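Step one of this worksheet: look at the structure below.
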């Protein structure tokens, strides 16, 4: 009969204890106190009282800024998607010209993914100055990291048959890529790109906080000036735009993939 | 017309599976050969080796005067592939594109991609593709999507793509295994008549004995990577073919039965 309790392996014990210690140390650093919690609720109440009703006075300015955010997201994503395709082709096992190039391209994509977008934004604001341009570049980098990976995964998992059929005609590699790999991947590429737009809209809002253009700047100013009613108006505006973009993207995706 | 020469061809997969064991085969120009065998008999491996999608691991294989194992440049390989028209069980059309576009892809071996792109392809090439579609009776659906067709129709379009390739030899890997009997016969009729018209060597891998006897001139039976039968159709016995589809155990049982009959 097996024992009722089995002692876990030494490694498991060490990892568990180590994790627990880190958590307890972290908890200590959080300066959690009932006092601050209570005053926090009171402050939150101040915010809510101050925010209602939302102030529509600067609605037009906010709308223009939101439109700029949308533009940053859209243009950045489009550039990102178009750059992702060749990078994904270089990175995928079955299309890379050489395994070494494949590793380099894969490494490049993961580098773009690992660096958080706010850091990209800070770097671009320093290098190209304030405004929507660094925002667009940031979204582009983010999109290459996102789409590059998913495009390349789609290319790698493609069924071999149709690709071999085009190869069997004696086609060169360009013919194989344009004649089978890209057309076969289109529905998935479109789906991924639409997700990238949704992600980019949310990302672009935050980018404004570090000076990379769009509504983020306005929101940040309103908050620091304690104009909560104006801030709420912007938050609601962001919410509406994000929801609209998501709905449109879902609609297109359904329609496109149903026809594929 | 292409001929095939194989001597002691072996194929061992990296996992140790011996798929082809020292095959000796000669297929003459213009012959219509059917390869039969149960699953795992090595016929698909043979197909993939003959079409240069797998390398052989031993022996000598020559098709149309070319030796795939000796190819060094991409160009040599693509010229070789262009000369052999392939027909697949699952048609392998490019989804999401039109029928005409799929047929135009057949010319990729002699034209760059931009010249076979349906909207900008030359009228001559488009006309050639339409003629290929007409040959297989599919000209009326040229503008439709490749996904809208039935299995038999897809196979016809795939054959049109192969005609577009202007091959010197046709190899078909279970071309009718996914089709109903009527559509299957139509496809076989079509393939055989295309080969007769253009005097092409025709090698097909099949599953159905009746179809093999009806359409083949010579039948090669494979079993566990070896040639078990190699005869012209007039000299072949149905019972010989049935043996191909028996497991070793069943074969032994049949043998014992024979002993009993002879009263041993």
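The values are calculated or read from the model by the stated rules, or taken from the named source; none is laboratory data. What you see is a predicted model, and the numbers here were worked out from it, not measured in a lab. Counting neighbours? That spans all protein chains shown, and the Cβs are built from the backbone with ideal geometry, glycine included.
Values computed for the structure shown
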item: Of all residues making up the stretch B:157-168, the number that are surrounded by fewer than 24 Cβ atoms within 10 Å (Cβ to Cβ) and either free of Cβ contacts under 8 Å to residues at least 60 places away in the same chain or outside any helix (DSSP H, G or I) (or both); result: 2
item: Those residues of the stretch B:24-54 which are closer than 17 Å to residue B:230 by Cα, in contact with a helix residue (DSSP H, G or I) (Cβ under 7 Å, 6 or more places away or on another chain) and either without any contact (Cβ under 8 Å) to a residue 40 or more places away in the chain or in a strand (DSSP E or B) (or both), in sequence order; result: B:32, B:34, B:35, B:36
item: Subset tally (residues that are more than 7 Å from chain A (Cβ to nearest Cβ) and more than 25 Å from residue B:34 (Cα to Cα)) for the stretch B:78-98; result: 1
item: Qualifying residue in the stretch A:82-98 (condition: touching a residue at least 12 places away in the same chain (Cβ under 8 Å), closer than 30 Å to residue A:221 by Cα and assigned to a loop (DSSP other than H, G, I, E, B)); result: no
item: Meets criteria (in contact with a helix residue (DSSP H, G or I) (Cβ under 6 Å, 6 or more places away or on another chain), surrounded by fewer than 23 Cβ atoms within 10 Å (Cβ to Cβ), within 13 Å of another protein chain (Cβ to nearest Cβ) and at pLDDT 90 or above) for residue B:113; result: yes
item: Some residue of the stretch A:218-226 being more than 20 Å from the chain's Cα centre (by Cα), surrounded by fewer than 23 Cβ atoms within 10 Å (Cβ to Cβ), within 14 Å of chain B (Cβ to nearest Cβ) and farther than 18 Å from residue A:139 by Cα; result: no
item: Top-ranked residue in the stretch B:192-232 [being outside any strand (DSSP E or B) and free of Cβ contacts under 8 Å to residues at least 24 places away in the same chain; ranked as surrounded by the most Cβ atoms within 10 Å (Cβ to Cβ)]; result: B:198
item: Selection status of residue B:133, buried (at least 24 other Cβ atoms within 10 Å of the Cβ), within 14 Å of another protein chain (Cβ to nearest Cβ), modelled with pLDDT of 90 or more and over 19 Å from the mean Cα position of the chain (by Cα); result: no
